[in-house]
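**Student:** For reference, the structure I am asking about is given below.
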Amino acid sequence: MKTVNHWIGGKTVEGASGNWGPVTDPATGAVTTQVALASVEEVDAAVTAARSAYATWGTSSLAQRTGILFRYRALLDAHRDDIAALITAEHGKVHSDALGEVARGLEIVELACGITTQLKGELSTQVASRVDVSSIRQPLGVVAGITPFNFPAMVPMWMFPLAIACGNTFVLKPSEKDPSAANLLAELASEAGLPDGVLNVVHGDKVAVDALLAHPDVSAVSFVGSTPIARYIHTTASANHKRVQALGGAKNHMLVLPDADLDAAADAAVSAAYGSAGERCMAISAVVAVSSIADELVEKIRERAEKIKIGPGDDPTSEMGPLITKAHRDKVASYVTGAAAQGAKVVLNGTGHTVDGFEDGHWMGLSLLDHVSTDSDAYRDEIFGPVLCVLRAETYEEGVALINASPFGNGTAIFTRDGGAARRFQLEIEAGMVGVNVPIPVPVGYHSFGGWKDSLFGDHHIYGNDGVHFYTRGKVVTTRWPDPSDAPTGVDLGFPRNH
């Protein structure tokens, strides 16, 4: 059986806690790997390695950092398929989707390669007689990232490349459900020339998380995951005087107005709801159909959803893979089996889906629920699976009010041909990311990703300008220098006297 150990101080370090976690192949249900679960002492060793590396990395030149990052970007590009294969083997998503994940992570590496412009300071001269004021940004020290199972490569790459480009050192605690991609990312960084200890990977469960949150040498924590855990991370890390960005869960809505291109809206709903088996925080999980178009839209979604081929992620003909674990699959299925009792019409029920030859896999077919009420479990909870809820509203205003009443505010979208309605929507909707005829409005790397309300805890979004500001702190320097003409009597520097 394959074993995944820690990466500390530039080398593989065997797990010493005696605790191991199982990693399954979601397509077969078989345990293929064991991953070391770190003790408090092992987390401390990773932080110590990062703190030691910071002594020189924090004062390294921008040219050195960007040179390494450019080489790292080239290595990641050359190993796209290798990283994607690990994602497919442990997460289950289809290979093309895994490749897309790597590509979106590379965007942030590319942003980090241009950190020289992001870290430029400001200067104001002559704010008073012979007084200049400048502002600069400096790294924090050792920072940590705690990342989820659904994007085992992309989300870590949303964090550590920018953090180390800013001069910090990093300790990554990836999900123990699919840990291998994180180790490969660290190994390639070392191959690119990143000094030992600048990037460390420590695997583990709540023991490792709590150790990072409490460690006095960790200055900041980045997190992506569910809202209850994001709230816990934010509360605990803040109580330990750390800077925190904790991105939580979502219930992303797509508002479809009567003038929308319904074929385009249906295509978008299917891809956004069921891509990556719905295991993404930017999935569209609720469609709000306005006025008389609801029945036609639901039928178009059903027709498309029934054609999606579900199968192992390494099968090039598969369009959707299994869910990450059997327990998660069963939880997702429970929302579908209980939907009718709470008033919904079950248009598609994917709970009995199986794949020939892979009967023990964590399979869940595409499910579509219509006439869903806002007080039902399927609507209130973040399901994180291939379940799409359809709600109905009589007017644009009613639809917006419905969306704004949700405690989540991650992302949302509107489908319409009316520019005025779209403009109103982007101003009136209470969410951090908005799409206009774009179902999954994940910003490009040089903008920032993050939601509102219960989808974000902390003041900073991730990557982009917010990411740079999160991983640095500002300093303002006020200087006054005597003019050479004011030199003491007897010293002539050749400057004419002006008084």
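The values are calculated or read from the model by the stated rules, or taken from the named source; none is laboratory data. Only a predicted model underlies this, so the values are computations on that prediction, with no experimental measurement involved. FYI the Cβ positions are ideal-geometry reconstructions off the backbone, even for glycines, and counts take in every protein chain you see. Only protein heavy atoms, including side chains, enter the accessible area calculation; ligands, DNA and RNA are left aside. Shrake-Rupley method; radii C 1.70, N 1.55, O 1.52, S 1.80 Å.
**Student:** Condition first: of a type outside the set (Gly, Ala, Ser), closer than 23 Å to Lys93 by Cβ and surrounded by fewer than 22 Cβ atoms within 10 Å (Cβ to Cβ). Now tell me which residues in segment 336-377 satisfy that.
**Tutor:** Matches in segment 336-377: Leu348, Asn349, Thr351, His353, Thr354, Val355, Asp356, Phe358, Glu359, Asp360.
**Student:** Checking Ala333 against (1) closer than 30 Å to Gly21 by Cα; (2) open to solvent by 60 Å² or more (accessible area, probe 1.4 Å); (3) free of Cβ contacts under 8 Å to residues at least 60 places away in the same chain: exactly one of these is not met. Which one?
**Tutor:** Result: Ala333 fails condition (2) only.
**Student:** Is it fair to say Asp81 is more than 26 Å from Gly114 (Cα to Cα) and out of contact with any strand residue (DSSP E or B) (no Cβ under 7 Å at 6 or more places or on another chain)? Explain how you work it out, then say what you get.
**Tutor:** Working: more than 26 Å from Gly114 (Cα to Cα): no; out of contact with any strand residue (DSSP E or B) (no Cβ under 7 Å at 6 or more places or on another chain): yes.
The answer is no for Asp81.
**Student:** Which condition breaks for Gln245 when tested against (1) under 16 Å from Ala144 (Cβ atoms); (2) in a helix (DSSP H, G or I); (3) touching a helix residue (DSSP H, G or I) at 6+ places or on another chain (Cβ under 7 Å); (4) not hydroxyl-bearing (Ser, Thr, Tyr)?
**Tutor:** Condition not satisfied by Gln245: (2).
**Student:** Restricting attention to segment 206-224, which residues are of a type outside the set (Ser, Thr, Tyr) and either within 15 Å of Gly141 (Cα to Cα) or in contact with a strand residue (DSSP E or B) (Cβ under 7 Å, 6 or more places away or on another chain) (or both)?
**Tutor:** Of everything in segment 206-224, those that are of a type outside the set (Ser, Thr, Tyr) and either within 15 Å of Gly141 (Cα to Cα) or in contact with a strand residue (DSSP E or B) (Cβ under 7 Å, 6 or more places away or on another chain) (or both) turn out to be Ala208, Val209, Leu212, Leu213, His215, Pro216, Asp217, Val218, Ala220, Val221, Phe223, Val224.
**Student:** Could you list, ordered by first residue, the pairs with Cβ atoms under 6 Å in which the first is in segment 346-361 and under 15 Å from Val390 (Cβ atoms) and among the hydroxyl-bearing types (Ser, Thr, Tyr) and the second is assigned to a loop (DSSP other than H, G, I, E, B) and open to solvent by 70 Å² or more (accessible area, probe 1.4 Å), at least 6 apart or interchain?
**Tutor:** none
**Student:** For segment 336-385, which residues satisfy the criterion of being of a type in the set (Lys, Arg) and in a strand (DSSP E or B)? Outline the logic, then answer.
**Tutor:** Taking segment 336-385 as the starting set, the residues that turn out to be of a type in the set (Lys, Arg) are 345, 380.
Matches in segment 336-385: Lys345 only.
**Student:** Additional query: Please enumerate the residues belonging to segment 78-89 that are in a helix (DSSP H, G or I) and over 16 Å from Phe149 (Cβ atoms).
**Tutor:** Of everything in segment 78-89, those that are in a helix (DSSP H, G or I) and over 16 Å from Phe149 (Cβ atoms) turn out to be Ala78, Arg80, Asp81, Asp82, Ala85.
**Student:** Report, by residue number, each residue of segment 416-473 that is aromatic (Phe, Trp, Tyr) and buried (at least 20 other Cβ atoms within 10 Å of the Cβ).
**Tutor:** The answer is Phe425, Phe449, Phe457, Tyr463, Phe470, Tyr471.
**Student:** Would you confirm whether or not segment 405-423 contains a residue that is in a helix (DSSP H, G or I), of a type in the set (Phe, Trp, Tyr) and closer than 28 Å to Ser226 by Cβ? So that I can check it myself, show each step before the final result.
**Tutor:** Step one: of segment 405-423, the residues in a helix (DSSP H, G or I) are 419-423.
Filter once more, so that each one left must be of a type in the set (Phe, Trp, Tyr): none.
No, segment 405-423 contains no residue that is in a helix (DSSP H, G or I), of a type in the set (Phe, Trp, Tyr) and closer than 28 Å to Ser226 by Cβ.
**Student:** Within segment 200-215, count every residue that is open to solvent by 10 Å² or more (accessible area, probe 1.4 Å) and in contact with a helix residue (DSSP H, G or I) (Cβ under 9 Å, 6 or more places away or on another chain). So that I can check it myself, show each step before the final result.
**Tutor:** Residues of segment 200-215 that are open to solvent by 10 Å² or more (accessible area, probe 1.4 Å), as a first pass: 205-207, 209-211, 214-215.
Now drop any that are not in contact with a helix residue (DSSP H, G or I) (Cβ under 9 Å, 6 or more places away or on another chain), which leaves 207, 209-211, 214-215.
Residues flagged as open to solvent by 10 Å² or more (accessible area, probe 1.4 Å) and in contact with a helix residue (DSSP H, G or I) (Cβ under 9 Å, 6 or more places away or on another chain) within segment 200-215 amount to 6.
**Student:** Here's a follow-up. Taking interchain pairs and intrachain pairs at least six residues apart, which have beta carbon atoms under 7 angstrom, with the first residue in segment 96-118 and open to solvent by less than 10 Å² (accessible area, probe 1.4 Å) and the second outside any helix (DSSP H, G or I) and aliphatic (A, V, I, L, M)?
**Tutor:** As it stands, the answer is Glu101/Ala153; Val102/Ala153; Gly105/Ala153, since those pairs meet every condition given.
**Student:** Going through segment 4-50 one residue at a time, which ones are surrounded by 19 or more Cβ atoms within 10 Å (Cβ to Cβ), among the β-branched types (Val, Ile, Thr) and under 19 Å from Asp217 (Cα atoms)?
**Tutor:** Ile8, Val43, Val47
**Student:** Tell me, yes or no, whether segment 296-317 has at least one residue that is of a type in the set (Gly, Ala, Ser), under 30 Å from Ala405 (Cα atoms), assigned to a strand (DSSP E or B) and open to solvent by less than 10 Å² (accessible area, probe 1.4 Å).
**Tutor:** No, that holds for no residue.
**Student:** Further question: May I ask you to list pairs of residues, at least six apart or on different chains, whose Cβ atoms are under 7 Å apart, with the first in segment 216-231 being closer than 10 Å to Phe457 by Cα and the second being acidic (Asp, Glu)?
**Tutor:** So the pair list comes out as Thr227/Asp454.
**Student:** If you don't mind, there's one more thing I want to ask. Can you pull out every residue in segment 121-172 that is of a type outside the set (A, V, I, L, M), open to solvent by 10 Å² or more (accessible area, probe 1.4 Å) and assigned to a strand (DSSP E or B)?
**Tutor:** Glu122, Ser124, Thr125, Gln126, Asp132, Ser134, Ser135, Arg137, Gln138, Pro139
**Student:** Would you pick out the residues in segment 378-410 that are open to solvent by less than 20 Å² (accessible area, probe 1.4 Å) and either in contact with a helix residue (DSSP H, G or I) (Cβ under 7 Å, 6 or more places away or on another chain) or acidic (Asp, Glu) (or both)?
**Tutor:** Residues satisfying the conditions are Ala378, Ile383, Gly385, Pro386, Val387, Leu388, Cys389, Val390, Leu391, Ala393, Val400.
**Student:** Another one. Only one of these conditions is not met by Leu75: (1) touching a Gly at 6+ places or on another chain (Cβ under 8 Å); (2) open to solvent by 10 Å² or more (accessible area, probe 1.4 Å); (3) over 30 Å from Thr28 (Cβ atoms); (4) assigned to a helix (DSSP H, G or I). Which number is it?
**Tutor:** Status for Leu75: all satisfied but (1).
**Student:** Within segment 227-242, track down each residue that is out of contact with any Leu (no Cβ under 8 Å at 6 or more places or on another chain) and either assigned to a strand (DSSP E or B) or surrounded by 16 or more Cβ atoms within 10 Å (Cβ to Cβ) (or both).
**Tutor:** Of everything in segment 227-242, those that are out of contact with any Leu (no Cβ under 8 Å at 6 or more places or on another chain) and either assigned to a strand (DSSP E or B) or surrounded by 16 or more Cβ atoms within 10 Å (Cβ to Cβ) (or both) turn out to be Thr227, Ile229, Tyr232, His234, Ser238.
Residues checked against (1) closer than 30 Å to His91 by Cα; (2) hydrophobic (A, V, I, L, M, F, W, C):
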{"residue": "Ser135", "(1), (2)": "no, no"}
{"residue": "Val143", "(1), (2)": "yes, yes"}
{"residue": "Leu162", "(1), (2)": "yes, yes"}
{"residue": "Asn168", "(1), (2)": "yes, no"}
{"residue": "Pro174", "(1), (2)": "yes, no"}
{"residue": "Ala182", "(1), (2)": "yes, yes"}
{"residue": "Asn200", "(1), (2)": "yes, no"}
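**Student:** Mind listing whichever residues of segment 444-499 are at pLDDT 85 or above, over 30 Å from Tyr232 (Cβ atoms) and of a type in the set (A, V, I, L, M, F, W, C)?
**Tutor:** Correct list: Val444, Val476, Val477, Trp481.
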